[in-house]
Amino acid sequence: RVSEKVGAKLIGGRGTIGALASIGFVPRDATYEFIAYRNEDSERPTIDAQDVTTWDTATKPFTFLNIDGTHVLIEPHGPDPVLFGVRGDSPYHVISMGNYLANKYGAIGWIVYLTNQGTDEHRTHSGKYIPYRNVDVIGIIVSVSFDEYGHAHIKLDNGMRAITYRHLGISKELSNCVGCLVDIWGGVKPGEENTIYVEGIRVLHDREIEITNPRCPRCGGPMESLGRVGILRCKRCGFKDKLPRVISARNRWFLINPRESEYRHLMKPIERVGLEGLALYIPKPLLWVY
Ligand SMILES: [Zn+2]
């Protein structure tokens with residue numbers, strides 16, 4: 001209706017939604033993307049993983065999600081006109097890397113966009129379960145079980161459930177974390193009540209403790225229990241005494257994120273933590289073209 005009033009021409013449905021959203025985008029955090037375009041008449045060149053690795057190393061942490069092992073992530077698949085896109089927090093870094101690759105792989109032009117990619121813009125930080133929306137839940141892990149596909153099913157003390165899929169590469173770290181107070185965030189799976197598709201997990205508190213034998217007071221060597229209550233013997237010098245055990249926190253503090261290739265475009269990569277807002281305040285290059 002508005003488009004008729006102002007005489008604008010509408011093409012496409014989702015594209016229009018995206019375009020309107022971008023006009024209304026008031027960023028609190030943002031990133032840059034250098035997008036190089038290709039000649040659509042010729043075949044898409046394959047970008048060499050070695051080139052990407054070299055530039056990834058040279059521009060880290062001011063560019064992100066370039067490569068996962070040898071799997072190049074900057075190149076789209078399919079018939080679109082984009083040759084590649086380099087994302088990052090500094091326009092200078094995305095331009096250095098992008099310009100080199102644009103020349104080498106015959107781009108017909110490039111542009112740098114301000115984007116909301118990798119900013120966690122989609123996170124609501126709310127505990128409300130609304131299908132397809134993002135949710136943050138805090139609770140204690142009461143069980144972690146793995147199904148036949150290797151996906152981890154997590155149960156929290158407040159009745160919430162979460163699934164971390166095997167391909168995210170984070171299931172393994174969870175198995176030792178029963179008892180941890182965690183913040184879990186991700187998408188709400190429609191149809192299944194109170195289940196989250198996990199995007200990230202942060203341990204807030206680990207209440208579990210570990211009990212270990214003390215070191216030998218004479219030589220500092222490791223001590224072993226002799227079976228009788230409280231009697232310990234040094235494995236190195238043979239010193240024997242009744243000594244108290246050492247109680248310490250297990251301290252499984254971790255933040256888990258999926259492997260690089262499993263990021264969806266708004267999810268914030270771990271290397272961006274601490275760089276939030278930089279893109280908005282960094283001086284723009286002298287020859288900035290809007
Ligand atoms: Zn000793």
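The values are calculated or read from the model by the stated rules, or taken from the named source; none is laboratory data. Just so you know, these numbers come straight off a predicted model, no measurement behind them. Here the Cβ is made from the backbone with ideal geometry for all residues, glycine too, and neighbour counts use every protein chain on show. Ligands, DNA and RNA are excluded from the accessible area calculation, which covers all protein heavy atoms including side chains. Shrake-Rupley method; radii C 1.70, N 1.55, O 1.52, S 1.80 Å.
I'd like the carbon and sulfur percentage of the solvent accessible area for region 25-115, probe radius 1.4 Å, heavy atoms only, ligands and nucleic acids excluded. Using a 1.4 Å probe with all protein chains present, region 25-115 comes out at 56 percent carbon and sulfur.
Okay, helix-only estimate at 222 nm for the chain: each DSSP H run of n ≥ 4 adds -39500 (n - 2.57), divide by all residues, round to 500 deg cm²/dmol; what do you get?
On the way: 6 runs with 48 residues, N = 290.
Taking each H run of at least 4 residues, the total per residue is -4500 deg cm²/dmol.
Computed 3J(HN,Hα) for region 144-150, one whole-Hz value per residue from the Karplus formula 6.51 cos²θ - 1.76 cosθ + 1.60 where θ = phi - 60°, is 10, 10, 10, 8, 5, 8, x, glycine and proline marked x.
Using only alpha carbon pairs under 8 Å that are at least six residues apart, calculate the relative contact order of region 123-263 and give it in whole percent.
On the way: 318 pairs, mean separation 28.1, N = 141.
20 percent.
Computed over the Cα atoms of region 150-224, what is the ratio Rg over Rh, Rh following Kirkwood? That ratio equals 1.22. Taking the three principal axes of the alpha carbon atoms in region 233-277, the coordinate ranges are 60, 22, 14 Å, sorted in descending order.
Full extension of the chain between Arg228 and Asp157 yields a length gain of 21.7 nm, computed as 0.36 nm times the residue separation minus the alpha carbon distance. Residue-wise HN-Hα couplings along region 254-262, as the Karplus relation 6.51 cos²θ - 1.76 cosθ + 1.60 with θ = phi - 60° gives them from phi, are 7, 10, 10, 10, x, 5, 3, 6, 9 Hz; Gly and Pro carry x.
For region 25-115, the solvent-accessible area with a 1.4 angstrom probe is 48 square angstrom per residue.
FRET efficiency for the pair Cys219 and Ser143, taken as 1/(1 + (r/R0)^6) with r the Cβ-Cβ distance and R0 = 45 Å, rounds to 0.55.
Less than 5 angstrom separates the built amide H of Thr115 from those of Thr31, Tyr32, Glu33, all sequence-distant by 5 or more or on a different chain. In the frame of its principal axes, region 137-290 has Cα extents of 76, 49, 26 Å, reported largest first.
Spread over its residues, the convex hull of the C-alpha atoms of the chain is 225 Å³ per residue.
Each label point was placed 7 Å from the Cα along the Cα-to-Cβ direction; for Gln50 and Arg264 their separation is 3.7 nm. Using only the C-alpha atoms, the convex hull of region 25-115 corresponds to 99 Å³ per residue.
Karplus-based coupling profile of region 48-60, in residue order and whole Hz: 5, 4, 5, 4, 5, 4, 4, 6, 4, 5, 6, 10, 4, with θ = phi - 60° in 6.51 cos²θ - 1.76 cosθ + 1.60 and x standing for Gly or Pro. Solvent exposure of region 160-244 amounts to 55 Å² per residue of accessible area, where only protein heavy atoms count and the probe is 1.4 Å.
Using a 1.4 angstrom probe with every protein chain in place, what is the largest-first accessible-area order of Trp55, Trp110?
Values: Trp55 60, Trp110 110 Å².
Greatest to least solvent exposure: Trp110, Trp55.
Close amide H contacts of Asp68 (hydrogens built in the peptide plane, cut-off under 5 Å, sequence separation of 5 or more or a different chain): Leu73.
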